[in-house]
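Notes for the one structure printed next.
The values are calculated or read from the model by the stated rules, or taken from the named source; none is laboratory data. Keep in mind that what you see is a predicted model, and the values were worked out from it rather than measured. Virtual Cβ from ideal backbone geometry, glycine too; neighbours counted across all protein chains shown. The protein model used for the area step is the full one, side chains on, heavy atoms only, and it has no ligands, DNA or RNA in it. Shrake-Rupley method; radii C 1.70, N 1.55, O 1.52, S 1.80 Å.
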Amino acid sequence: MGEFGIGQAVTRFEDPRFLRGEGRFVHDVSLPGQLHAVLLRSPHAHARIVSIDAKAAAAAPGVAAVFTGEDYAREGFGGPSPTLKRSRPDGSPMFWRAHPVLARDRVRTVGDPVAIVIAGTLAQAKDAAERVEVEYEALPAVTSTAEAARPEAPRVWDECPDNISNVFELGNRAATDAAFAAAARTVKRRYVITRVHAQYMKTRGAVASWEPAEDKYTLHTDVQYPHRMRTLLAGTVFRIPENKLHIIAGDIGGAFGAKGPQYPEHRLLLWAAKKLRRPVKWVCERSEALLADEHARDNVSEIELALDANGRFLALRVNTLAGLGAYVSSDRNLLSTFQSVSAVVGVYAIPAAHVRITGVMSNTNSTAPYRGAGRPEAIYLIERIIDDAAREFGLDRIELRRKNLIPSSAMPWKTPLAFTYDCGDFASGMDKALELADWAGYAKRREESEQRGKLRGIGVINAIERASSPGLEYAEIRFHPGGSATLAMGSKNQGQGHETSFRQIVNERLGLDPGDVAYVDGDTEKVAYGVGTMGSRSMAIAGTALVIASDKIIAKGKKIAAHLMEAAEPDVEFDAGEFKVAGTDRSVTIKEVAKAAYDPDKLPKGLEPGLYESGTFSPENHTFPNGCHVCEVEIDPDTGVVAVVRYTVVDDVGTVINPLTLKGQIHGGVVQGLSQVLFERIEYDPESGQLLTGSFMDYCMPRADDVCAMEVGSNPVPTKLNPLGVKGAGEAGTVGALPAVMNAVMDALAPLGVREFDMPATGDRVWRAIRKAQSA
């Protein structure tokens, strides 16, 4: 509808305030009389705490309090716990231990908090923290997931001698084994997916306060799920009614799954604010973030693919070691290991598959969802093994994929790993991407690169992901007496452009100009409920809740409009923001109806005054965004430096609400995937367990000149699982980028004899791989 409706490339309404420096981030929140907190963190990956002496720190200038694990434990607070039923290899229940908030007897990661120092200024708190004396007895540590699974590895927990938390299996083992036994060809590889950190633009933070008159807490923070955080903290930790805790999440500054509700700082600040009867603020510094935050990925996988004599896929087998870190505090720390592994069969008609995932504990930070949450890892495995199979058996990788694609005529398609794809046209998506990427002209471009002494490679992959998982979401539209409206959404914007896209849906359904619509989210007292934003669910689920609320507004509006125009309600039609009497020129705008709704004299008898409606929605099934990525790289063989020189994406995200913000999502996701393949890696010293990549000096991040222009095309096949036809787009770029970039790198290195290589493809590692292949 018009320039602001669904499908229009509307620039983001939230951007002007960001560009003017008027964002409302938690770092900007300051409350009268607030104190500042600093956490003292362990310098050891594993150690026994012999003693903690905080007397000198407590006596330092400006210090209000120093609390240790003993102080917190005396309060008897609760904490989160996993609910998923998992078993260890011997059939016994899953081993897990929650993060202790403040360590008491042992620390099990570098960065484990052991004390919190609270003072009048940040400088005073930092100075005092240096006076806390902690005596440690260092213990053996293991920080590598592969090493932690070895029988001789140091124990993270004495009660878990093999460091295995749980095992998860999916698929039909017998059918898979039978298919492999009958296969004409099989290929097997080992792939490592590195441990990384979300590295959001704004680090985490929180400001807590307590109001004695109401015995009520308020927490300003940057969590992705404010209502779920309230439920956790109120119900599980502090055991108070939810109406005694107010969560306010303003602008987030990026989250990507990593800003969850269970970090210890939230609990500590709320507890301290009540004890000290003053607000307490903590902001994580950039140098602290990799020590304080959850990490992501960290998988070591063996994957096997079975083919018949004609190149058709028969079966897939995967055995993965998934790094969990030292603590499993809730289901959140397990989600990435199993939730999306079903996507490992990709968009291919593979009759049989079996997956076994072993969750391994180590002296590292807990892992948790990060953009894709298992989806990029799954597609990385299938798309790399397809390329390796083509290379090993002398097959064309495009034709190998094309031969095995699930045809659109076969939809809905049930995979051997429990997913049911409702719709999609994978073949046409790949064809469009190959054409847009000028696949046919690649040979000439490679020749030109060779003339300049460069190695050129191209990678193509097909990606699919599970999105919009079933779960409730909420939306509310409140018209005011003057005719303007407020939109209250349970989904929490973290930079995706919700303030724009949801206004577009309201414009499409109700004809309201975006300037007449105020937007609210992230406040548990202004928004009745919300599950939150993750898993590319907001447009599909919250957008549908908004459609439901809009339809209720229209239904009530027709009653009021019929009364105003002295017409029968069945004769009233609604379109483009106007109620009209069919076959006449009589009409009233929705604004006029909203104004009348607050005047009892203008309402039909018995109709409740006011115009405000809410909608809730939980889908019956997941949606399955999919797409094809084509990446080209050039490698300088003298330095090993990889340059991404061309990138093409054709995605099926269902109905496109805003093509401009969609491209932004795709671009951002691709860069995050590209960055992991080429640069990013959390690295620990294998002997001491010390974090070696604790700053941007060592943890490499991409710059603008590391990224090329991207071609983004669309191949929409709207889903029927929601009235908008939306599938989701937030993680699509990352899901495809990991394998696309690595396949391009491997294609460039293959002529030199490089057969096995794992991320990150940094210059030094690529250079060493080239030299090793040449010497061999």
Could you pull out the GluC sites (Glu not before Pro) across region 694-776 that fall in loop regions by DSSP (anything but H, G, I, E, B) with no more than 12 other Cβ atoms inside 10 Å? GLU756
Name the residue from HIS220, PRO659, VAL707 whose Cα lies farthest towards the positive end of the charge dipole of the chain, charges +1 on Cβ of Lys and Arg and -1 on Cβ of Asp and Glu. HIS220
Contour minus Cα-Cα span, ALA582 to LYS275, at 0.36 nm per residue, comes to 104.0 nm
I'd like the distance separating the alpha-carbon centroids of region 271-316 and region 47-69, in whole Å. 31
What nm value, rounded to one decimal, do you get for the distance between ARG771 and GLU75 when each label is placed 7 Å out toward the C-beta? 5.4
Computed FRET value (nearest 0.05) for ASP438 with ARG312, which takes r as the C-beta separation and R₀ as 35 Å: 0.75
Within 10 Å of each candidate Cβ there may be at most 15 other Cβ atoms; applying that plus a DSSP loop requirement, which GluC sites (Glu not before Pro) in region 261-358 survive? GLU285
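If eta is 1.002 mPa s and T is 20 °C, what Stokes-Einstein diffusion coefficient results for region 404-458, Kirkwood Rh from Cα pairs, in µm²/s?
Details: Rh = 13.9 Å.
For these conditions, the coefficient is 154 µm²/s.
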Length added when fully stretched, ARG391-SER92, from 0.36 nm per residue minus Cα-Cα: 103.4 nm
Under the rule rounded for a/c under 1.5, else prolate if a/b exceeds b/c, else oblate, using alpha carbon gyration tensor axes a ≥ b ≥ c, region 26-151 is classed as prolate
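Per residue, how much accessible area does the chain have with a 1.4 Å probe, in Å²? Don't skip to the answer; put the middle values down first.
Details: 29310 Å² over 776 residues.
Normalised by residue count, the accessible surface of the chain is 38 Å².
Given a cut-off of 27 Å, what percent of all Cα-Cα pairs of region 84-223 lie beyond it? Could the numbers behind the result be given before it?
On the way: 5175 of 9730 pairs.
Above the 27 Å cut-off, region 84-223 has 53 percent of its Cα pairs.
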Quick check: convex hull over the Cα atoms of region 640-745, volume per residue in Å³, rounded to an integer? 141
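In debye, nearest 20, what is the charge dipole magnitude of region 494-538 about its Cα centre with +1 on Lys and Arg Cβ and -1 on Asp and Glu Cβ, if you could check? Could you put the intermediate results ahead of the total?
Values: 4 positive and 7 negative charges, 39 e Å.
In total the dipole reaches around 180 debye.
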The farthest towards the positive end of the charge dipole of region 1-114, of the residues LEU19, VAL66, ALA47, given +1 on Cβ of Lys and Arg and -1 on Cβ of Asp and Glu, is ALA47
For the chain, the dipole about the Cα centre with charges only on Cβ (Lys and Arg +1, Asp and Glu -1), to the nearest 20 debye, works out at 880
Reported to two decimal places, what Rg/Rh ratio describes region 34-79 when computed on Cα atoms with Rh from the Kirkwood expression? 0.99
Can you tell me the length gained on complete extension of the stretch ASN243 to ASP215, counting 0.36 nm per residue apart and subtracting the Cα distance? 9.1 nm
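Summarise the accessible area of the chain (1.4 Å probe, protein heavy atoms) by the percent that is carbon and sulfur. Write down the numbers at each step before the final one.
Numbers: 14660 of 29310 Å².
Of the solvent-accessible surface of the chain, carbon and sulfur hold 50 percent.
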Over region 160-311, what relative contact order in percent results from Cα pairs under 8 Å that are six or more residues apart? 38
Of region 344-369, those with amide N under 20 Å from the point 7 Å along the Cα→Cβ vector of VAL167 are 353-362
Rough spin-label spacing in nm, given labels placed 7 Å along Cα→Cβ, for GLU135 and LYS414: 6.5
The rounded separation in angstrom of the Cα centers of region 701-767 and region 484-529 is 32
Of GLY359, PRO470, GLY91, which is farthest along the charge dipole of the chain in the positive direction, counting Lys and Arg as +1 and Asp and Glu as -1 at C-beta? GLY91
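Which net charge results for the neighbourhood of TYR370, defined as the other residues with beta-carbon distances under 9 angstrom from its beta-carbon, given Lys and Arg at +1 and Asp and Glu at -1?
Values: positive: ARG297, ARG371; negative: GLU294.
So the environment of TYR370 carries a net charge of +1.
Within the P(r) computed for the chain, what percentage of the Cα pairs occupies the region above 41 Å? Let's see the in-between values first.
Values: 110014 of 300700 pairs.
The proportion of pairs with Cα distances above 41 Å equals 37 percent.
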Could you check how many percent of all C-alpha pairs in region 272-353 are farther apart than 14 Å? 75
Sticking with the crude label model, points 7 Å out along Cα→Cβ, report the distance from LEU122 to PHE18 in nm, one decimal please. 2.2
Could you size up the charge dipole of region 505-648 around its Cα centre, putting +1 on the beta carbon of Lys and Arg and -1 on that of Asp and Glu, and report it in debye to the nearest 20? 560
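Packing-wise, with mean Cβ within 10 Å as the measure, how do 540-549, 468-477 rank, highest first?
Details: 540-549: 26.5, 468-477: 21.7.
Top of the packing list down: 540-549, 468-477.
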Which trypsin sites (Lys or Arg not before Pro) does region 691-763 hold that lie in a coil by DSSP with at most 12 other beta carbons within 10 Å? ARG703, LYS720
